[in-house]
Amino acid sequence: MGLIDSHAHLTYPEFAGRIDEVLARCDEAGVEGVITIGTSLEDARSAIELARRYAGRIHAAAGFHPHEADRVSDRDLSAMATLWREADVVAFGEMGLDYHYDFADRAKQRRVFQRQLKAALELDKPIIVHCREAFTDCDPILADYGFVGRRVVFHCFTGSKDEAAAIAERGWRISFTGVVTFPKSAELQAIAGDYPADKLMMETDSPYLSPVPVRGKKPNEPAYVAHVARFLAELRGVPNDELVAQTRANTRAFFGLP
């Protein structure tokens, strides 16, 4: 089928020792590739290891999640800079700001985000943004660092219509998770129904956010991105094969996959 899960966390404990099983279920569901996301220095190293072990099936991204910001040192940033240059790393991230949980000082979150953006500009790799209740800071930071029109995706988007419109206007992308399938996600469904087809991406954010009809099942898996695809195809009134082909092309172009 050619589906790609553009954001998963295969390094998390829920998948320890089970990657072969997970990929077998991907095969059954028509999922050809997974981007696994590193959220800390050690997690990024584990993501790269998976990408090397399952070359062509799993690709790695590396970055400091905003929850990690209080613990990120100059030494950590220097070490991550080495990883960002690895060919197996197709993107920076996830990185950004999280003002919902506030697990890290907001000023420190912004500094760590900005330092990662500076490095991303130098290497011209795409970036995966985590933005929760922080768009009023995320948007100008990205613009100030020269990312308008560049490869930027707001992963697990759950923001407002105005935020979605601003993201599209700046040439950035939105990636939808299983949250869009939830019955109470009317505003998100309205956004997903109209979002520009050439900027549409899908993900699971596994092991979290299992979509309907497997909502509540743990862990969420990359194979379940097929449920998100079917929901979006019906929502947008297009054949499932057409939506899969479009999001596959979008995702491959975004990450520069062969």
Stokes-Einstein D in µm²/s, Kirkwood radius over Cα pairs - region 172-243 at 37 °C with 0.692 mPa s viscosity: 271 µm²/s
Under 14 Å, Cβ to Cβ, from Phe135 - net charge with Lys/Arg +1 and Asp/Glu -1: -2
Derived scalar couplings ³J(HN,Hα) [region 100-115; Karplus, 6.51 cos²θ - 1.76 cosθ + 1.60; whole Hz; x for Gly, Pro]: 7, 8, 6, 6, 9, 4, 5, 5, 5, 4, 5, 5, 5, 4, 5, 5
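Please state the relative contact order of region 127-258 as a whole percent: Cα pairs under 8 Å, 6+ residues apart? Kindly include the intermediate steps, with their values, before the conclusion.
Numbers: 194 pairs, mean separation 25.5, N = 132.
Relative CO of region 127-258 lands at 19 percent.
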Neighbour net charge for Gly171 - beta-carbon separation under 11 angstrom, K R +1, D E -1: +3
Answer label, with percent of Cα pairs over 31 Å apart calculated from the coordinates and candidates [x] 17; [y] 27; [z] 50: [x]
Formal net charge of residues neighbouring Thr204 (Cβ-Cβ distance under 10 Å; K, R +1; D, E -1): -4
Lys108-Ala55 pseudo-label distance in nm [points 7 Å out on the Cα-to-Cβ vector]: 3.9 nm
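Listed highest first by mean packing, meaning other Cβ atoms within 10 Å per residue, what order do 81-87, 106-112, 159-165, 171-177 come in?
171-177, 106-112, 159-165, 81-87
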Extended-chain gain in nm, criterion 0.36 nm per residue less alpha-carbon gap, Lys218 and Asp144: 22.7 nm
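Would you mind checking the pairs Lys108/Lys199; Lys125/Lys184; Lys161/Lys218; Lys125/Lys199 and listing those with alpha carbons more than 26 angstrom apart?
Exceeds cut-off: Lys108/Lys199; Lys125/Lys184; Lys161/Lys218.
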Relative contact order (percent, whole number), the chain, Cα cutoff 8 Å, 6+ residue spacing: 20 percent
Karplus-derived HN-Hα couplings along region 164-181 (A = 6.51, B = -1.76, C = 1.60, θ = phi - 60°), whole Hz, x at Gly and Pro: 4, 5, 5, 4, 5, 5, 7, x, 8, 10, 10, 10, 9, 9, x, 4, 5, 8
Cα-centre dipole for the chain with unit charges at Cβ (Lys and Arg positive, Asp and Glu negative), debye to 20: 180 debye
C-alpha center-to-center spacing [region 1-74, region 131-169] in angstrom: 23 Å
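Rule-based calculations on the coordinates, nothing more; no lab input. Quick caveat: nothing in here was measured; it's all calculated off a predicted structure. Every residue, glycine as well, gets a Cβ built from its backbone with ideal geometry; the counts of neighbours run over all protein chains shown.
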